[in-house]
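One structure is given here, and the rest of the page talks about it.
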Amino acid sequence: MSTMRKILGWSVLLVAAVCSRGMAPELDAGSTVAESTTAVIVQGRDLDTVAEAVREAGGEITHELGIIRAVGARLTQVQLASLAAAHRGVRVFQGREVEVAGGDADSFFPARVGADQLHAAGTDGSGVTVAVLDTGIKKFAGLQKGIEKGAGGNNRILAGYDAILDGDLDINQDENGHGTHVASTAVSSRDNVNGSYNGVAPNADLVVVKVFGATGTGTYADVIRGLGWVIAHKDFYGIRVLNLSFSAVPNSSYWDDPLNQAVMAAWQAGIVVVAAAGNEGPDPMSIGVPGNVPYVITVGAMSDNDTPADGTDDYLASFSAAGPTLEAFVKPELVAPGGHIRAMMPNSSQLAQDHPEFHDGGIYFTMSGTSQSAAVVSGVVALMLDADPTLTPDEVKCKLMDSAQAAVGVGGYLAYSPLQQGAGLVDAVAAVASTRSGCANVGLDVAKDLAGIEHYVGPVLWDDQLETFYVGGVGYDWDASFPMQGFTWTTGSPWVQGSPWVQGSPWVQGSPWVQGSPWVQGSPWVQGSPWVQGSPWVQGIPWETTQYTWTSGLAETMSINVWVPQE
């Protein structure tokens, strides 16, 4: 299973210095050609201390990232060496790029997840604000106007922040188009041809944070700054849901990735974070950052085959990333419609110009991806919080998983592994009605995680000889056809043949932490292929059974193994 071994051969690097590469030289008054600089994130004990350390080394501070006790900066090789020598307590991460996750033709997705039934009963997202970190937004009426339910009907876009420019956002511009499509999927109030709403939570409010430009790319520092802004303004704008429709290949443990640290801080602050699983499936261990954060709700993609009333022809999208994570957590948590999602997008945007065949010439663009799946679930979460504003992020996650509908074949066997479909297809009606609690993030402590007191590994076991994953004692051979044996969520064991993490020792088959090395030398995400361009829709992986039903969900009840780092 060469693919498996290749994926397992990951490395995590705690660095004291980084290398620059491919930088154009700049002129300096003291020399003919100055040494090129490198974009980095410098993290330390607190913001003021790390900022002063960068200044002492002669570096330029580009971002203040107080959310993770860090700054974005540009330094030369000499300055980096000076910083490392004088301040051994700081950590330096190579600046990286992140990209949005998107792809292509027509689905009544609100009806497929039962959102239309909640709309009819008066649950529509009122009073809940969804923050979308993406490429901006075009102020279509369906995103600006509510569904005439009292005050605020025409002021649903509450605020905008441009994390790239560190200032107010022009709330009527989306050069790329991806952000508008994602926001429309989650909260559009426009009518479908059948009279239902085109968005899942058509009366929820919006806060828009631009972290990606026209090409759909952005820096780690910009995304982290955007996350910090959301946390700082969550109470003022009533932000309860945060949609992250982007993904990237993990290059460290989840807790050591600076972007993931900011995402964990958002969860700790009481915001329900919904993240795309990523479009790098169907291979195992393809879940991206920040979907690999164990706390958040990570969403994979299925397609209703353009027949929302008929579940027998649904299928899992072939691009949908699969678990487990590198730390042996079961991901994604659940799946949602992500194939052929029709939502609003300006026809002047980059995506529409690049793929005119998917734009109707008016305001709708059809796209596929886990970006769209995440947006569907963000809308469902807004409906849940409309119905019960007291829910915590952990409670929302528990109820979503408890109520999801697992794809089960004849005889009750799973049509797909839980590492592909999670607990199953999201069910908005059942999620709102669920009385389950205490079944998500059991054994995890986000405060201890962020403080570096404890980090965690999940319950999935990998048998290297049989090349089989075990979840709750049930084996899943990735090369075999499904359905497999029956499945229940049970107490798990640490991965890698049951060997626990012992005081920070490196993972078996993984690479050890190496001092003084660059963080993968700034290699681009996804082998340099920007997700924003999308991929043509593939029919995906058909269910292996002739008949199946979406049945009651597989709620998460798992024990977590604690790893305590050395002092």
**Study point:** Peptides 229-237, 270-278, 122-130 ordered by average Cβ neighbours within 10 Å, highest first
**Key:** 270-278, 122-130, 229-237
Revision key, fill the gap. Once normalised by the length of region 177-218, the mean sequence separation of its alpha carbon contacts under 8 Å that are 6 or more apart gives a contact order in percent of 30
Practice item. Counting only C-alpha contacts under 8 Å and six or more residues apart, can you give the relative contact order of region 316-454 as a whole percent? Key: 28
**Study point:** region 264-375: Rg to Rh, with Rh as the Kirkwood radius over Cα pairs
**Key:** 1.03
Revision key, fill the gap. To the nearest 20 debye, region 98-433 has a Cα-centred charge dipole, built from +1 on Lys and Arg Cβ and -1 on Asp and Glu Cβ, of 560
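Pairs of alpha-carbon atoms within less than 8 angstrom and 6+ residues apart define the contacts here; what relative contact order does region 164-274 have, in percent? Could you put the intermediate results ahead of the total?
Working: 100 pairs, mean separation 22.4, N = 111.
Result for region 164-274 is 20 percent.
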Exercise for review: Please give the residues of region 219-239, grouped as numeric ranges, whose backbone N is less than 19 Å from a label point set 7 Å along the Cα-to-Cβ vector of ASP166.
Suggested key: 219-233
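Counting Lys and Arg as +1 and Asp and Glu as -1, what is the net charge of the other residues whose Cβ lies under 11 Å from the Cβ of ALA73?
On the way: positive: ARG55, ARG74; negative: GLU60, GLU64.
Computed value for this residue: 0.
Taking K and R as +1 and D and E as -1, what net charge do the other residues with C-beta under 13 Å from the C-beta of GLY291 add up to?
Values: positive: LYS331; negative: ASP257, GLU280, GLU327, GLU333.
Net local charge, GLY291 excluded: -3.
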**Study point:** region 98-433 pair-distance distribution - Cα-Cα, 10 Å bins, rounded %
**Key:** 7, 31, 39, 21, 3, 0
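Just so you know, all these numbers are worked out from the coordinates, no wet-lab data involved. Here the structure is a predicted model, which is why all the values come from computation and not from measurement. Positions of Cβ are generated from backbone atoms using ideal geometry, with glycine treated the same way; all protein chains shown enter the neighbour counts.
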